[in-house]
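Read through the structure below, which is laid out as structure tokens, and then see the notes.
FYI, it's all coordinate maths here, none of it is from the lab. Small disclaimer: the values here were computed from a predicted structure and weren't measured. Because the Cβ atoms are built from the backbone with ideal geometry, glycine has one as well, and the counts that use them run over all protein chains shown.
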Amino acid sequence: MARGGQRTKSRSPRRPRDEEGLIPVLADVARQVDNAVRRPPTRPAVRAKFQVVALLMREEKARVQADESLNDARRQRELKRLDGLATQLAKIAARDTSLLALLAEDARVSSAARELRAQILEEAGLEVPEEPEPEPEVRSQPVNENRVMPISALQRQRANPFFAPDFEAAAERLARPKRLAGWELLEPLFRSFAEAAPGAPSCMDLPEPRSLTAAGDRELMRHQAQVVEATARGHRTFLLADEPGLGKTAQALLAAQAANAYPLLIVVPNVVKRNWAHEVEMWTPTRTATVVHGDGDEVDAFADVVIVNYDILDRHVGWLGDLGFRGMVVDEAHFIKNQTSQRSQHVLSLAERIRARVGRPLLMALTGTPLINDIEDFRAIWELLGWIDEKQPLGALMMKLEETGLTPADPGFYAAARQAVVDMGIVRRRKIDVAADIPARRVADLPVELDGAIGQSIRASEKALAQRLVSRYRAALEARGEAASAGLDLDLELARRVAAAELKDSSSKAKGENIFTMVRRIGQAKAGLAADYTAQLARNVGKVVFFAKHIDVMDTAEQTFAERGLRFSSIRGDQTPKQRAEAIKAFTEDEDVSVIVCSLTAAGVGINLQVASNLVLAELSWTDAEQTQAIDRIHRIGQDQPVTAWRIIAAQTIDAKIAELIDAKSGLAARALDGADVSDEESSVDVQLEALVALLTDALEAEKPF
């Protein structure tokens, strides 16, 4: 009792030292995360807690190691406690491997995570440092809760957790525009290709090869060996845009070997990833390859070459970005032309992370059809290669533009700028130029009449669509106060806007007949006729490849061949790799199998069917590129017969106009890459839009008085 009868306040027992500070608070939060992860799915708030605990643990470990006021015994005790916390986090991550992506160097720290960090520091009695506002993301990517971390990849990271810095390309990265500062340069660069003079070169200067031999006794063609030699001499970025069939796969693999760009990442369409593994074994037999399937449970992350397809990249982009690749090959690189797609964002993100770690990595974009709809299809590929970013040219390309001594306002800038881009690594060779022994090819249109009720129905639907366009056109004229007389000259700009509005409605799956459903019906109506012609060809000339876009057209063709007594094989998108290989083998090796029925999307790339020299296109694609890819399954190195692609066209329908527009589309690549003299009008055609404009124009012309 205190003096004066007053009772003294009882003191709370002193908190043990081991329960003070930041570590016990982090351990409490880690236990919360552990309990939550045991009850999947792992919610965003839980993911944020895991990330914050891990980041604060790293900071605390660095602080303890650097704190000179601690004696050795105290320092070791604190580090041991932190190691225990790290072990707890590792066990949590083993239950949900997607959490590991939150610890990557470039992982985004959300505003919610920043607030949680401040709360934890306050609870631990520590001062909360002020943080700068986070920079806005250039490209936001949705959090993918399905990302995986294969055990093999985790083992490789643990085996080699540190990557040596590479300062070889520091000067290029730090290049800043001087004379060209303030100029908009990307649009002029693209225009320099669109407006190239006839005969302008579209291939960088390539050295003469010292050898045409690879992998023991395998022989390369001269054009293939040139790319390998250029790589051996130090070139590291390539847009390899050779025409399909000139052996881009072999060039890429041997270039990687010349650059010692291992481990090497290869991103490919699903249908060819096993073929790439086979090519690695064939061209670089001393190197090992692994193919990523599904969640990557069987992947060998210690392999020299990792092959992954676009479709599952979202699940694997986290660990792939941390594996330490020194090279990257992107096959069918036109797949990334849409930069808003996750596929494109993931590919560009991986390339950026590789460049950040390796001074001069080998980066190769492979595509025989780099331009499909517009000259800006180049944009994503150039960004992949590190030539540009979203705003301006980068590094070596900016230096080359500065060295021209010109600005976009000067005569000669466009030619010089185009050459500067080409010298960065554009390689474009045509079969006619480098493989004279490959016979010529031709596309022959075979018009067919759609008779009976089906033909009448299709023509009636086409007429109804044309009348709908005419009504929209007239309504637009009246809305701006102009007479809608049939005798007025066509306002082409207005016609394009009307067609664009119709196309937008069609794409939104609105009910009623539209250009997509009409073309679909035409394909169905042509199926039997195309199959009949294929059967006749097979009887007269031997093996024939039959291409279609839709399953029901393929079904009709196969039924026709069965009724005609023709043996056939088939390549479809739902086949397993084994079934696909068996179908190809049956067609190429069995003399009695005279037809192979192929899906345009599943068989348009990555296979060799040159045992045939005739091909039937039963349905039209919307792009010249897709048509070209199909034809080049048989028109490639090793073909010894002239190649003919028979294109089945429904006469007196929109099918004929689409075929004409597809042919015009081929002028885009011809002008930009092959130096052909093609008119601007031909090289900027949008097939769907222009097909609708043609329908509208023809309908208005038909209404004019004579």
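For the range 189-431, the Cβ-based charge dipole about the Cα centre amounts to some 380 debye (Lys, Arg positive; Asp, Glu negative; other atoms uncharged). Which of rounded, prolate or oblate describes the range 217-366 when judged by the alpha-carbon gyration tensor and an a/c cut-off of 1.5? Rounded, because the longest to shortest axis ratio a/c is under 1.5.
Which loop trypsin sites (Lys or Arg not before Pro) in the range 378-438, with loop taken from DSSP, have no more than 11 other Cβ atoms within 10 angstrom of their Cβ? Each step should come with its number before you reach the end.
On the way: sites: Arg379, Lys391, Lys400, Arg418, Arg428, Arg429, Arg430, Lys431; in loops: Lys391, Arg428, Arg429, Arg430.
The qualifying sites are Lys391.
The residue among Ser341, Gly318, Leu406 whose Cα reaches farthest toward the positive pole of the charge dipole of the range 189-431, with charges on the beta-carbon of Lys, Arg, Asp and Glu, is Leu406. Qualifying trypsin sites (Lys or Arg not before Pro) in the range 18-48, where qualification requires a DSSP coil assignment and no more than 11 other C-beta atoms within 10 Å, comprise Arg38. With 22 Å as the limit on Cα-Cα distance, the pairs of Lys543/Lys585; Lys248/Lys273; Lys526/Lys578 that go past it are Lys526/Lys578. Placing unit charges on each Cβ (+1 for Lys and Arg, -1 for Asp and Glu) gives the range 382-479 a dipole about its Cα centre, and among Pro393, Ile432, Ile458 the Cα reaching farthest toward its positive end belongs to Ile458. Here the spin labels are modelled as points 7 Å beyond Cα on the Cα-Cβ line, and at Ala416 and Gln119 they lie 5.9 nm apart. From the alpha carbon centroid of the range 41-62 to that of the range 414-471 is 54 Å. Computed over the range 238-330, relative contact order equals 36 percent, with contacts defined as Cα pairs under 8 Å that lie 6+ residues apart. Here the simple spin-label model places points 7 Å from the Cα toward Cβ, and for Arg572 and Glu478 these points are separated by 5.0 nm. Counting 0.36 nm for each residue step from Leu126 to Asp67 and taking away their Cα separation leaves a gain of 19.7 nm. Separation of the range 629-644 from the range 205-250 is 21 Å, based on Cα centroids. Could you point to the residue in Phe50, Ala36, Gln65 farthest towards the positive end of the range 34-78's charge dipole, with +1 and -1 charges on the Cβ of Lys/Arg and Asp/Glu respectively? With unit charges placed on the Cβ atoms, the residue in question is Ala36. Could you state the number of Å between the C-alpha centres of the range 537-572 and the range 323-347? About 35 Å separates the Cα centre of the range 323-347 from the one of the range 537-572. A simple spin-label model places pseudo-atoms 7 Å from Cα toward Cβ; at Gln559 and Arg430 they are separated by 4.3 nm.
Below 8 Å, C-alpha to C-alpha, sequence gap of six or more: please give me the relative contact order for the range 189-431 in percent. Provide the component values of the computation, followed by the final result.
On the way: 407 pairs, mean separation 66.8, N = 243.
It comes to 27 percent, rounded to a whole number.
Rounded to the nearest 20 debye, the dipole size of the range 247-386 about its Cα centre is 400 debye, using +1 on the Cβ of Lys and Arg and -1 on the Cβ of Asp and Glu.
Using a simple charge model, +1 on the beta-carbon of Lys and Arg, -1 on the beta-carbon of Asp and Glu, nothing else, what dipole does the range 529-680 show about its Cα centre, in debye to the nearest 20?
Numbers: 15 positive and 22 negative charges, 46 e Å.
That gives the range 529-680 a dipole magnitude of about 220 debye.
Of the peptides 492-502, 402-412, the ranking by mean beta-carbon count within 10 Å, highest at the top, reads 492-502, 402-412.
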